[in-house]
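Okay, so here's the structure we're looking at.
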Amino acid sequence: MKYNPSEIEKKWQEVWKKNKIYNPNLDSAKKPYFNLMMFPYPSAEGLHVGNMYAFTGSDIYGRFKRMQGFEVLEPIGLDGFGIHSENYAIKVNKHPKELAKISEENFYRQLHATGNGYDWNHTVETYDPEYYKWTQWIFVQLFKKGLAYRKKSPVNFCPGTCKTVLADEQVIDGKCERCGTVVEKRDLEQWFFKITDYAERLLSNLSQIDWSEKVKIAQKNWIGKSEGLVISFDEIKVFTTRPETADGATFLVLSPFHPYINEIRNKVTAEKVKEIDDYIEKSKVHKGEEKGKTGMFTDFYVRNPVTNKNIPVWIADYVLMEYGTGAIMAVPAEDERDKAFAKKHNLPIEKTSLKANPPGEKVVHYHLRDWLISRQRYWGPPIPMIFCEKDGWQPVPEKDLPVLLPDVKDWKPLGTGKSPLATVESFVNTTCPKCDGPAKRETDVSDTFLDSAWYFFRYTSTEEKKKIWIEERIKRWLPVNMYIGGAEHSVLHLLYARFMTMVFKDMGMIDFEEPFTRFYAHGLLIKEGSKMSKSKGNIVVPDAYIKKFGADTLRTYLMFLGPFNQGGDFYDSGIEGISRFINRVWTMFNSKLSDETQKESIKWMHRTIKRVTEDIENLRYNTAVAGLMEWYNFLAKQKTVSKEEAVTFLKLLAPFAPHMTEELYSKIYKNEKSVHISGWPQYESEYLKEDQKTIIIQVNGKFRGSITIQSSKISDNKLVEDLAKKEKNVQSHILKGTKKIIYVEGKVINFVV
Ligand code: ANZ
């Protein structure tokens with residue numbers, strides 16, 4: 001029978017759905033295993049093979065665990081709210097809500113075609129009011145706990161396509177991570193989550209979790225713990241990690257946003273005040289190359305407490321208000337940045353003894369900032385807060401959740417620092433939950449990273465309407481056993497999800513505080529040498545490949561093209577090679593199978609089971625496939641292949657090529673259960689022992705001893721000779737050296753002396 005993937009793939013997808021083999025019983029599973037793929041945020045253009053690469057890698061692990069006897073929950077959903085989706089809606093000029101429906105349908109259709117073992121009964125879509133009701137509920141809980149607060153502060157604002165404030169994590173090298181526009185600082189009042197209260201826990205717990213080292217280091221650096229001193233220079237406090245250099249502090253620098261500047265204003269000339277104000281205005285906009293080098297003298301001095309000398313006070317934007325005390329003592333003799341600044345502005349550089357001992361107060365600082373939650377955009381969950389002139393900020397009562405996102409025509413961002421919702425009067429005007437008087441709703445929506453900070457909890461309980469989740473199920477399924485996703489989320493999603501989990505624990509909702517026991521970062525795909533991207537026009541869409549070769553071939557190829565944590569290069573010629581392999585496997589196990597496995601063949605089988613098992617456990621998928629190819633090559637040379645070999649081979653290949661292995665398995669075992677729940681093959685170590693050979697040693701034709709070595713080593717002449725020479729009884733006979741050495745491979749070595 002010819003291999004016809006489009007026929008068998010459709011057929012098995014239907015059967016699996018009917019037999020619910022990927023739907024574990026969430027309430028009674030005895031061996032639950034939560035295998036989670038990072039929440040995708042697909043646009044209407046759908047899935048490209050780069051995404052499919054990640055999903056397949058996760059699915060293979062889930063299938064492996066299922067075959068090992070675990071009841072695997074492998075859920076899927078989509079993160080469809082947020083700037084990413086809204087920017088795409090702006091680009092194609094369609095309402096985000098309309099577009100979301102199209103994206104969802106297309107994305108789910110594509111995912112079905114890839115044959116992943118998802119539990120389709122428990123999907124989560126972040127724009128579903130049944131979901132964002134709980135996102136808003138979480139906001140209210142954080143507000144009640146004092147972990148959500150409002151603050152006016154200089155925040156990152158993207159004046160480009162995004163026209164909204166951004167979290168620090170979303171600014172890369174001074175540019176917006178989404179659209180690349182240079183980010184400005186604007187003084188705006190915004191909602192923040194107090195993630196900084198959790199800095200120490202977020203840091204110290206890192207040692208307890210099994211995560212890619214790269215990601216742990218990124219989190220550690222982002223949290224950025226520093227221990228140092230706060231030293232007073234008259235009324236100004238500075239934070240330093242190098243107090244011993246204080247005698248070399250020749251000037252003091254304030255951030256342009258430092259409150260003490262107001263005091264200085266009262267003490268200097270009107271001209272100086274104007275100069276100060278101009279400088280502050282200019283420093284609100286990043287100036288590329290200029291940034292970090294400009295500064296101005298305030299005409300004001302403070303006393304260095306170590307040298308007792310008066311030193312000038314400067315303002316410069318290389319000092320950040322959000323870190324330490326927003327002021328530094330500059331030690332140009334020791335610090336490179338201070339030195340460059342001193343040279344540029346002709347400030348004194350003086351040696352430090354490195355022994356200064358200033359009066360100081362010991363402090364710990366973290367680079368981590370509070371999480372900026374507000375977005376002046378449309379496509380997100382409205383922040384569930386109400387402002388009353390009399391009672392101040394009040395949370396929306398829980399019975400009134402969700403605050404529905406109104407359907408509006410004018411949904412595009414305004415760039416005024418206000419969300420488009422601010423223009424919708426019917427939305428804005430409401431009553432105060434406390435005094436019933438007239439009040440106004442918050443019109444910003446929340447950051448999409450809040451939507452994705454807790455979705456994995458909800459997967460377990462999507463049918464629950466009255467509570468955020470079903471406690472029993474959380475106890476059974478969480479924390480997530482295996483989480484696979486992109487390393488680019490190291491300090492965004494992964495940090496926020498950890499924070500939220502700690503908050504839930506502190507609220508008594510759960511009894512663990514790390515959400516992901518194991519996290520594995522996958523690599524990225526490139527296409528024939530360059531990074532796969534829309535701008536390069538080298539995006540590969542899986543649909544055509546699935547049609548031509550079948551999902552099984554595409555899946556196996558993706559896993560074969562490189563180590564899963566490094567990614568690899570997608571070549572059309574490569575997929576053809578895998579297609580030939582899959583076709584040959586099909587033909588081999590479609591022919592007549594013998595009842596008994598040959599002795600030499602048994603060893604091959606057990607060696608391959610061991611190798612593939614260990615490779616999949618460690619996500620070395622490419623070498624697992626290579627192991628199967630080697631075994632195939634061996635089997636192809638044998639006169640017959642046994643039923644046992646066929647079944648073992650199909651089981652080992654099943655996670656990669658789930659449909660064709662199922663078809664072949666069902667032909668061998670009619671009426672048996674699916675290969676995917678048939679149990680993973682076990683190897684027996686007695687078959688792994690290598691054969692040994694004994695080689696006779698002669699000197700001038702006389703027997704003098706023997707050595708025993710592994711059969712695979714008998715053609716290594718040098719090894720055999722060295723080992724033979726070391727034999728005690730041989731040594732004494734060859735003391736004067738040898739004339740000639742005759743080796744009959746695997747049998748005899750004769751030294752002529
Ligand atoms: C004097 C000094 C001498 C410093 C020296 C460094 C080297 P980390 O380790 O990152 O915490 N600093 C403090 N607050 C700052 C702010 N708001 N903006 C910019 N820089 C700031 O770095 C702490 C060091 O960074 C502090 O120690 C301070 O400079 C600077 F040879 O004080 B140091």
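A few notes on this one:
- One residue stands out in the stretch 355-384 among those that are more than 16 Å from the ligand (Cβ to nearest atom) and not in a loop (DSSP other than H, G, I, E, B): the one that is surrounded by the most Cβ atoms within 10 Å (Cβ to Cβ), namely Arg375.
- Restricting attention to the stretch 79-105, the residues that are in a loop (DSSP other than H, G, I, E, B) and more than 22 Å from Met37 (Cα to Cα) add up to 3.
- Single unsatisfied condition, Glu169 versus (1) modelled with pLDDT under 90; (2) touching an Asp or Glu at 6+ places or on another chain (Cβ under 7 Å): (2)
- In the set (1) open to solvent by less than 90 Å² (accessible area, probe 1.4 Å); (2) under 35 Å from the mean Cα position of the chain (by Cα); (3) farther than 18 Å from Trp137 by Cα, Thr416 fails one condition alone, (1).
- Output for the stretch 326-339, where each listed residue is more than 6 Å from the ligand (Cβ to nearest atom), open to solvent by less than 30 Å² (accessible area, probe 1.4 Å) and not in a helix (DSSP H, G or I): Ala327, Ala330, Pro332
- Checked against (1) open to solvent by less than 20 Å² (accessible area, probe 1.4 Å); (2) in contact with a Lys or Arg (Cβ under 7 Å, 6 or more places away or on another chain), Phe387 meets all criteria but (1).
- Residue within the stretch 229-244 that is of a type in the set (Phe, Trp, Tyr), closer than 16 Å to Met329 by Cα, open to solvent by less than 70 Å² (accessible area, probe 1.4 Å) and not in a helix (DSSP H, G or I) present: yes
- Here Lys272 meets each of (1) open to solvent by less than 50 Å² (accessible area, probe 1.4 Å); (2) closer than 30 Å to Thr196 by Cβ; (3) touching an Asp or Glu at 6+ places or on another chain (Cβ under 6 Å) with one exception, condition (2).
- Some residue of the stretch 226-235 being away from the ligand (no atom under 16 Å from the Cβ) and in the same structural domain as Gly324 (by TED's automatic domain parsing): yes
- Close Cβ contacts (under 7 Å, 6 or more residues apart or on different chains) running from residues in the stretch 353-371 that are closer than 17 Å to Ala333 by Cβ to residues that are within 12 Å of the ligand (Cβ to nearest atom) and of a type in the set (D, E, K, R) comprise Ser353/Asp247; Leu354/Glu244; Lys355/Glu244; Ala356/Glu244; Ala356/Asp247.
- Considered as a group, the residues in the stretch 720-734 that are among the hydrophobic types (A, V, I, L, M, F, W, C) and in contact with a Phe, Trp or Tyr (Cβ under 8 Å, 6 or more places away or on another chain) include one that is most open to solvent (accessible area, probe 1.4 Å), and that residue is Ile734.
- Candidates Asn671, Asn700, filtered to the one that is open to solvent by 30 Å² or more (accessible area, probe 1.4 Å) and either aliphatic (A, V, I, L, M) or in contact (Cβ under 8 Å) with a residue 24 or more places away in the chain (or both): Asn700
- Any hit, the stretch 467-483, residues being open to solvent by less than 20 Å² (accessible area, probe 1.4 Å), hydroxyl-bearing (Ser, Thr, Tyr), within 21 Å of the chain's Cα centre (by Cα) and under 21 Å from Ile373 (Cα atoms): no
- Restricting the stretch 208-225 to residues that are open to solvent by less than 30 Å² (accessible area, probe 1.4 Å) and of a type in the set (A, V, I, L, M) leaves a set whose member that is farthest from the ligand (Cβ to nearest atom) is Ile209.
- The residue list Thr352, Thr294 contains one member that is more than 10 Å from the ligand (Cβ to nearest atom) and of a type outside the set (A, V, I, L, M), which is Thr294.
- Taken across the stretch 258-275, residues that are more than 29 Å from Gly160 (Cβ to Cβ), outside any helix (DSSP H, G or I) and either away from the ligand (no atom under 16 Å from the Cβ) or of a type in the set (D, E, K, R) (or both) do occur, with at least one present.
- Residue that is touching a residue at least 60 places away in the same chain (Cβ under 8 Å) and open to solvent by 30 Å² or more (accessible area, probe 1.4 Å), where the choices are Phe516, Phe560, Phe499: Phe560
- Residue pairs whose Cβ atoms lie under 6 Å apart, separated by 6 or more positions or on different chains, with the first residue in the stretch 103-124 and assigned by TED's automatic domain parsing to the domain that holds Val92 and open to solvent by less than 30 Å² (accessible area, probe 1.4 Å) and the second assigned to a helix (DSSP H, G or I) and hydroxyl-bearing (Ser, Thr, Tyr), are His122/Tyr459; Val124/Tyr131; Val124/Tyr455; Val124/Tyr459.
- The one condition from (1) open to solvent by 40 Å² or more (accessible area, probe 1.4 Å); (2) in a loop (DSSP other than H, G, I, E, B); (3) away from the ligand (no atom under 16 Å from the Cβ) that Tyr323 does not meet is (3).
- In the stretch 312-324, the residues that are within 11 Å of Ser283 (Cα to Cα) and free of Cβ contacts under 8 Å to residues at least 24 places away in the same chain never reach a residue that is open to solvent by less than 20 Å² (accessible area, probe 1.4 Å) and within 12 Å of the ligand (Cβ to nearest atom) with C-beta atoms less than 7 angstrom apart, at least six apart or across chains.
- The numbered conditions (1) surrounded by fewer than 20 Cβ atoms within 10 Å (Cβ to Cβ); (2) part of a loop (DSSP other than H, G, I, E, B); (3) touching a Phe, Trp or Tyr at 6+ places or on another chain (Cβ under 7 Å); (4) not charged (D, E, K, R) are all true for Asn346 except (3).
- Any hit, the stretch 300-309, residues being within 9 Å of the ligand (Cβ to nearest atom), over 36 Å from the mean Cα position of the chain (by Cα), assigned by TED's automatic domain parsing to the domain that holds Leu229 and over 23 Å from Ile261 (Cα atoms): no
- Failed criterion for Lys440 (all others in (1) in contact with a Pro (Cβ under 9 Å, 6 or more places away or on another chain); (2) open to solvent by 80 Å² or more (accessible area, probe 1.4 Å); (3) in contact (Cβ under 8 Å) with a residue 12 or more places away in the chain hold): (1)
- Among the residues listed as Tyr279, Tyr198, the single one being hydroxyl-bearing (Ser, Thr, Tyr), crowded, with 20+ Cβ neighbours inside 10 Å and either away from the ligand (no atom under 16 Å from the Cβ) or within 30 Å of Gln141 (Cβ to Cβ) (or both): Tyr198
- Filtered residues of the stretch 161-174 (kept if open to solvent by 40 Å² or more (accessible area, probe 1.4 Å), at negative phi and more than 21 Å from the chain's Cα centre (by Cα)): Thr161
- Filter pass, Asn205 being modelled with pLDDT of 95 or more and more than 16 Å from the ligand (Cβ to nearest atom): yes
The values are calculated or read from the model by the stated rules, or taken from the named source; none is laboratory data. Since the structure is predicted, the reported quantities are computational estimates derived from the model, not experimental observations. Cβ atoms come from the backbone with ideal geometry, glycine included; neighbour counts cover every protein chain shown. Areas reflect the complete protein model, heavy atoms only, side chains present, ligands, DNA and RNA absent. Shrake-Rupley method; radii C 1.70, N 1.55, O 1.52, S 1.80 Å.
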